[in-house]
Each structure stands twice: as structure tokens, then as C-alpha cells.
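The values are calculated or read from the model by the stated rules, or taken from the named source; none is laboratory data. Computed from a predicted structure; not experimentally measured. No Cβ is skipped: glycine too gets one built from the backbone with ideal geometry, and neighbour counts run over all protein chains shown.
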Amino acid sequence: MWTALGRTLTGTFSSAGNKNRASGTGVDISDFRIADFEFKEGKNLASCVEVIKMNDARKGRFTIRTAGILFILSAVLEVFSLTSEMPLLGAVRSGTLAAFYHLFYAGLFVAIGVGLWVPKKWGIKAALTGAIFYSLDKILFILDSATMETYLLQLIGDYSEIFQIIDKQSLFQAITLMYLLFIAGWWGFVGYLYLRRQYFDAL
């Protein structure tokens, strides 16, 4: 028997994961774990709910904050790469367009990093925006084999004889797989943030 919100409630709590809704409050106690809190007669259920929610909110703190730092560092790298050529819109771009490209990603990474570190609810939306733009950017790149070849040749420079050792098509396939894994990583991280969204609500 538990007391919550001024009401006397009856119910049973036998083990972790037991589906039970305390009558009179509509409070679902299915996620309560014995290790987190012990229910005893006369215990205020509302306070139990608050304690467990705060405990759950701390989950993912290290991972999310570490990711925030890495995004900030990525923004710094983008700033240092302002003059680097980048494949964009079917060609390898340089000059103002390339600088704008790097600044856009730098600003996006800063927004994500700050949103994760603080944390703010819009940090999840910023990460989702990053996943969308990155996915579109890289999908357009891997679908344009001519631009990919031009970009790789510029990166390799004087070492173009590498194509005599490694089959060009095999190299393109490896790069395609790499970017697909990066895209999957972005969306996996966004999914993780969604699962840990309570962290952004409670802190």
C-alpha cells in the first residue's frame, strides 16, 4: 500500500519490469527497479517517481557531453579548412563557395556541440538537422562518380600511380561504403539522443 498525492493506493510490485499501474493516479510503475528505489508502506509514490526520473535523466551524460566536445572540435577543424576544396553540387569547389561550405558546417557543429553540452532540447533538433544535411551532401557525392574521381585525384596529387596498384572501382566502392557507414552513424546517434531525450528535459 502506497500513499501518493494524498490518496491511499493499493497494488503489488513483485519484480523489475512488472507491469502495474497504481490505482487512482494513472502512474505507470512498470519501469521502476528495485535497485533504484524500495517501495514500502506509507512511502509517497509521487516522490518515488521524481527520484527515479532524476536518476534516469543522468544516463547518457558522459556520452552526450563527450559527443558535444567532439562536435566543437570538428567545428574548429572546419574553420582551419576554409581554403580546402570540397566536392559540392556535381563539381569540386574552391574559393568563396568552399569557404561558405566549411563555415556552414562549422556553425552547425558548434550549435550541436553547445546543445549537447548545456544541454538544450534544441540540441536534438540540431543533431537531426546535421544528419539530414550530411546525408544529402554525401549521397550526392557518392552518386557522382566523375566528381568523386576528380576529388580523389586532387587529394592524391603526385601519387596517382596508386590506381595502378588498387583497382579504381574497388576504391570507389570502399569510399562509398565508408560514407554510408558515416551516414548510418549520424542517424544512429540521433536515435540515441531521442532515446535519451529525458536527459534534456530534466537537467
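Can you find, within the stretch 80-113, the residue that is surrounded by the most Cβ atoms within 10 Å (Cβ to Cβ) among those that are part of a loop (DSSP other than H, G, I, E, B) and without any contact (Cβ under 8 Å) to a residue 40 or more places away in the chain? Top of the filtered list is S81. When residues in the stretch 84-133 are screened for being of a type in the set (F, W, Y) and closer than 16 Å to Y151 by Cα, 1 of them pass.
Restricting attention to the stretch 162-203, which residues are within 30 Å of F62 (Cα to Cα) and among the hydroxyl-bearing types (S, T, Y)? Within the stretch 162-203, Y179, Y192, Y194, Y199 meet the criteria. In the stretch 65-79, the residues that are outside the structural domain of F104 (by TED's automatic domain parsing) never reach a residue that is of a type in the set (A, V, I, L, M) and not in a helix (DSSP H, G or I) with C-beta atoms less than 8 angstrom apart, at least six apart or across chains.
Only residues that are of a type in the set (G, A, S) and under 20 Å from Y199 (Cβ atoms): list them for the stretch 103-119, please. So that I can check it myself, show each step before the final result.
As a first pass, look at the stretch 103-119 and keep what is of a type in the set (G, A, S): 106-107, 111, 113, 115.
Hits for the stretch 103-119 are A111, G113, G115.
Filtering Y134, Y192, Y151 for residues that are within 13 Å of the chain's Cα centre (by Cα) and either crowded, with 18+ Cβ neighbours inside 10 Å or not assigned by TED's automatic domain parsing to the domain that holds F71 (or both) leaves a single hit, Y134. Just one of (1) free of Cβ contacts under 8 Å to residues at least 40 places away in the same chain; (2) more than 16 Å from the chain's Cα centre (by Cα) fails for D144. It is (1).
So that you can scan it fast, the table gives a plain yes or no per residue for (1) of a type in the set (A, V, I, L, M, F, W, C); (2) out of contact with any strand residue (DSSP E or B) (no Cβ under 7 Å at 6 or more places or on another chain); (3) closer than 21 Å to A67 by Cβ:
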residue	(1), (2), (3)
A98	yes, no, no
Y105	no, yes, yes
I112	yes, yes, yes
T129	no, yes, yes
F133	yes, yes, yes
